[in-house]
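Q: Structure in structure tokens, see below.
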Amino acid sequence: MTRNEAEEILKEHGQEHVLRHFDDLSAEAQEGLLTQISEVNWDDLALAGVQEKVPVGEISPLSAVDIDEINARRAEFEEAGYEAIRAGKVAALLLAGGMGTRLGLDKPKGELNVGINRTLYLFESLIHNLMDVTSVAGKSIPLYIMTSEKNNDETIRFFEEHDYFGYPKEDVAFFVQEMAAAVDYDGKLLLEEPGRLATSPNGNGGWFSSLKKAGLLEDVHKRGVEWINIFAVDNVLQRICDPAFVGATILSGKVSGSKVVRKVDAYEKMGVLCLEDGKPSVVEYYEMSKEMAESTDEKGDLLYAFGVILNYIFRVDKLEEIVGRHLPVHVVEKKIPYIDEAGNLIKPESPNGYKFETLVVDMIRMMDDNLPYEVVREKEFAPIKNLHGVDSLDSARELLERNGVEL
Ligand code: UTP
């Protein structure tokens, strides 16, 4: 894109300020900024301050394989899961592209030390969880790690420094997700440097298209992977490629599965798995009416009882079928560092603008079906979003200790 073209498009969208420092930039920085401008998604920007309206269809309950059933059929599920793992059909994919702004770390979230008297990094603990499975299976599992432009080099350096925490390096591949420009509350593009738009990772919904863009789908096929288990970086207790979950999903004949936990009460702030016009879907807690949230079956159990915990398994052929389909864009208020008119870098203490994200929960709607698979919350759900309080480092440490992990 030339300077003239950039000027024209910026004018059209009321964003002329972006070229404020252009004449002072090196030729390389000028080119970088022009490229960034050419990549701005103007449709996203038009959503600043509003949410994309996604029509909600008719909602009905979706029953889960619950803990009782899992316990009764565990041997059968595990056998099917281990068989698929040993045949090399299962891969793990770690979503580690987020910025973890609520934690306020200046490094990738996976580098958080959850230990007290010893070090136990989040990344380390996730790798050990995965190795619990690979050591029983006697087979390594390919691990794809999604990072972002902002944390990719540091994440790789950290894994190198720690020798991949004992995981076979040849089975680990990193790929970088895409970025999206961020705006202030008036919808104006922010600059993080005189020659750089402020950008942030574009949400976890684009993981499969980013994997594909990075050329790793070839690796998936070459290895014969048929299922991918994706998981968040911050649930320190989660089981990854859990053979019983993998097996239950395969035996169900469905194209996807979700680990879920029973909500503590009708109003817990979790996305709930249900059916929407007969297809699986995650309804957010704020989208549920009081009547829906409180409705129960004949035994008095909540009808919409199961919340998702960002641990899903997808069949690769289905992912390939839906890749590229539009996912709704979520407009999220965040703290976005930026430079002011004088060129001073400002690191805001509270949210100062919007970023634009697509979310993996919206992929569930594109699946033909989905198996909700209940796990014991105290054993498998300890997300770390904040330092203290709900879903925090403090609460995760407590749960780890209750599960016998020495910290
Ligand atoms: P969160 O929604 O908790 O976002 O991510 P976050 O960016 O880590 O943290 P905050 O909201 O800024 O405090 C849930 C999972 O999705 C990944 C995160 O790394 C985490 O594993 N994620 C999120 C991505 O991989 N890319 C993104 O763009 C956003």
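Values in this text are rule-based calculations from the coordinates and carry no lab data. Since the structure is predicted, the reported quantities are computational estimates derived from the model, not experimental observations. Note that each Cβ is placed from the backbone with ideal geometry, even for glycine, and that neighbours are counted across all protein chains shown.
Q: When a/c reaches 1.5 or more, the comparison of a/b and b/c decides; with that in mind, is region 189-240 rounded, prolate or oblate per its Cα gyration tensor?
A: Note, shape of region 189-240 comes out oblate.
Q: Ratio of Rg to Rh for the chain, alpha carbon only, Kirkwood?
A: 0.98
Q: For L197, what residues show an amide H to amide H distance below 5 Å, using hydrogens built from the backbone and excluding near sequence neighbours?
A: For L197, the qualifying residues are E192.
Q: Here's something else I'd like to know. Please name which of G100, F306, H21 has its Cα lying farthest along the dipole of the chain towards the positive end, using unit charges on Cβ (Lys, Arg +1; Asp, Glu -1) and the Cα centre as origin.
A: Farthest along the dipole direction, towards plus: F306.
Q: About its Cα centre, what dipole magnitude does the chain give when the only charges are +1 on Lys and Arg Cβ and -1 on Asp and Glu Cβ, stated in debye to the nearest 20? Kindly include the intermediate steps, with their values, before the conclusion.
A: On the way: 44 positive and 73 negative charges, 167 e Å.
For this selection, approximately 800 debye.
Q: To continue, here is another question. Grab the other residues whose beta carbon is less than 11 angstrom from that of N311, score K and R as +1, D and E as -1, and report the net.
A: Summing Lys and Arg as +1 and Asp and Glu as -1 gives 0.
Q: Among the lysines, which fall within straight-line cross-link reach of K269, defined as a Cα-Cα distance under 25 Å, with same-chain neighbours fewer than 8 residues apart omitted?
A: Here the lysines satisfying the reach criterion relative to K269 are K53, K109, K259, K279, K290, K299, K334, K335, K355, K379, K385.
Q: Please rank S295, S392, fewest neighbouring Cβ atoms within 10 Å first, as an exposure proxy.
A: S295, S392
Q: Also, quick follow-up: Counting other beta carbons within 10 Å of each residue's own, what order do V360, V172 fall into, fewest first? Can you show the working numbers first?
A: Details: V360 21, V172 18.
Fewest-to-most ranking of V360, V172: V172, V360.
Q: Need one word for region 33-182: rounded, prolate or oblate. Basis is the Cα gyration tensor (sqrt eigenvalues a ≥ b ≥ c); a/c below 1.5 gives rounded, then a/b vs b/c decides.
A: Since a/c reaches 1.5 but b/c is at least a/b, the shape of region 33-182 is classed as oblate.
Q: Follow-up. Of F159, A181, L273, which is farthest towards the positive pole of the chain's charge dipole, taken about the Cα centre with +1 and -1 on the beta-carbons of Lys, Arg and Asp, Glu respectively?
A: Sorting the options by dipole projection puts first F159.
Q: So for V390, V220, V233, fewest C-beta neighbours within 10 Å to most, what's the order?
A: In increasing order of surrounding Cβ atoms, one gets V390, V220, V233.
Q: Let a ≥ b ≥ c be the square roots of the eigenvalues of the Cα gyration tensor of region 192-286; is it rounded (a/c under 1.5), or, if not, prolate (a/b larger than b/c) or oblate? Can you show the working numbers first?
A: Details: a/c = 1.96, a/b = 1.17, b/c = 1.68.
Judged from the Cα gyration tensor, region 192-286 comes out oblate (a/c at least 1.5, b/c at or above a/b).
Q: Which value, to two decimals, describes the C-alpha radius of gyration of region 250-407 once divided by 2.2 N^0.38 Å? Don't skip to the end; give the middle numbers.
A: Details: Rg = 19.1 Å, N = 158, 2.2 N^0.38 = 15.1 Å.
So the Cα radius of gyration is 1.27 times the expected 2.2 N^0.38 Å.
Q: Name the residue, out of M292, M270, M366, whose mean-square fluctuation peaks in a Gaussian network model built on the chain with Cα pairs under 10 Å.
A: Of the options given, M292 has the highest mean-square fluctuation.
Q: Given contacts defined as C-alpha pairs under 8 Å and at least six residues apart, what's the relative contact order of region 263-407, whole-number percent?
A: 19
Q: Is any helix in the chain, taking whole DSSP H runs, at least 30 angstrom long along its axis by alpha carbon and on average at least -1.0 on the Kyte-Doolittle scale, and which ones?
A: Helices passing the filter in the chain: none found.
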